[in-house]
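To start, the structure itself, in structure tokens.
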Amino acid sequence: MEALSLSASGSIPKLSSFAVLLVLLLSCFSFTSTEAYDALDPTGNITIKWDVMSWTPDGYVATVTMYNFQQYRHIQAPGWTLGWTWAKKEVIWNMMGAQTTEQGDCSKFKGNVPHCCKKDPTVVDLLPGTPYNQQIANCCKGGASSFQVSVGSAGTTNKTVRLPKNFTLRAPGPGYTCGPAKNVRPSKFVTADKRRVTQALMTWNITCTYSQFLAQKTPTCCVSLSSFYNDTIVNCPTCTCGCQNNITDPGSCVDPDSPYLASAVSGPGKSTNAPLVQCTSHMCPIRVHWHVKLNYKEYWRVKITITNFNYRMNYTLWNLVVQHPNFDNLTQLFSFYYKSLTPYAGLNDTAMLWGVKFYNDLLTQAGPYGNVQSELLFRKDSSTFTFEKGWAFPRRIYFNGDNCVMPPPDAYPWLPNAGARPITSLLLSACTIFASLVFLLAFA
């Protein structure tokens, strides 16, 4: 019995070591990055300002305005969807510049019936082209805008009004998290002749921030690379945005040569804008290709191509954010507009690119015309410029504010004389060495 007890007690450290080893190996291969914080736009948010402009016999009239303080993430068509929960038993008598999606149960009202009686109304932006008698200033743009709401069964003074709660925002998809409404100093307004200043009776703000991790479970774009000095074309990583699986998930993608393409595009998912992508190895709706095209004595040239593989989405007013150390010496840009972004003081390595209006600001759905492209000319800096070790390729790329998946660095096109390419990554090597040490200690 004593020998058995010693044997059992001696096996406990070994089992513990095996548990540590197993957790370590799983962690090396299972940890993935998330985009809950945007390092290139750390203070970006959408702020909703709620200004009470006048009192009514049973409530108030308010102007609600959305301000987009994000540098490169905009509200796409068909616009935003805003929701909240009333603190008491408020109703919406009428609205201008927006409308609720449901009226709710207004059966207790006789005569005048409210616009909405729901405890948790959902409000949507009116589309461009709405009749003028339903608009207010700065509304109905399919983006950040304003609307007016008349609220009843509410307080009629600053002390009796209760702030709504549980705000939600879709723009137009998910990804935004809204904080609680906070009372702030009343907004001030200057008259048209600039001779008088008025102010709101009461103002509160709601701040909503975006997280790509909350917006979708899988990425929405990827990056491929190529260069003039290497015949290798580095495609997007396989299954970046999903994998082809027509057995368990039929209709997840469609072949461009399929005779059923038209019927698939107009299928059940069309009304909800559910993505229908072209069958590819990466299965991403958007691919950005970066091609190092030419090398001159004092300059070098890059070609960027953005391809849309989504048959159900036209990207209006798209934008691309690229991080590369040579953007401080960008000399010329063809057929795109450019704006320098400086997320870090004194460091000009990030640029926002977007299309020319009426020329290529619309990235049409997948097909022969579903791409836009441009070329960038950089001046060389003798102290930093090199084609070695993938320096000529971008550090990161965003499309419409979403981080695109880059190929692994050890897959980048290498110079012909750069020597053998490493086969394993540094992280994998470190995990292997550490696992070996744990294994040896367990049986020492």
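The values are calculated or read from the model by the stated rules, or taken from the named source; none is laboratory data. Since we're looking at a predicted model, the values are computed, not measured. Every residue, glycine among them, receives a Cβ derived from its backbone with ideal geometry; neighbour counts consider all protein chains shown. Areas reflect the complete protein model, heavy atoms only, side chains present, ligands, DNA and RNA absent. Shrake-Rupley method; radii C 1.70, N 1.55, O 1.52, S 1.80 Å.
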Keeping all protein chains in place, calculate the accessible area per residue for region 303-417 (probe 1.4 angstrom), answer in Å². 46 Å²
Heavy-atom accessible area of Arg287, protein chains in place, probe 1.4 angstrom, given in Å² to nearest 10, is 70 Å²
Using a 1.4 Å probe on heavy atoms of the protein chains only, the accessible area for Asp120 in Å², nearest 10, reads 80 Å²
On a full-extension model of 0.36 nm per residue, what is the gain between Asp257 and Glu298, subtracting their alpha-carbon distance, rounded to one decimal in nm? 10.3 nm
Per-residue SASA entry for Thr56, accessible area with 1.4 Å probe, Å² rounded to 10: 40 Å²
From the Cα centre of region 192-214 to that of region 113-132, the distance in Å is 20 Å
Output row, site Lys89, 7 Å Cα→C-beta label point, backbone N cut-off 19 Å, window region 107-128, residues 107-121
For Asp125, the residues 5 or more places away or on another chain with a placed amide H closer than 5 Å to its own amide H are Trp80
Straight-line reach only, C-alpha to C-alpha below 17 angstrom: list the lysines that Lys297 could link to, leaving out same-chain residues fewer than 8 apart. Lys380
Could you name the lysines in cross-link range of Lys89, using Cα to Cα under 27 Å and dropping any fewer than eight places away on the same chain? Lys49, Lys108, Lys110, Lys118, Lys119, Lys159, Lys165, Lys182
Using θ = phi - 60° and the Karplus relation 6.51 cos²θ - 1.76 cosθ + 1.60, list the HN-Hα couplings for region 407-417 in order, rounded to whole Hz, with x at every Gly or Pro. x, x, x, 6, 9, 4, x, 9, 5, x, 9
At a 1.4 Å probe radius, which order do Cys239, Cys284 fall into by accessible area, largest first? Cys239, Cys284
Note the direction-averaged projected area, equal to a quarter of the hull surface, for the Cα convex hull of region 149-281, in nm². 17.3 nm²
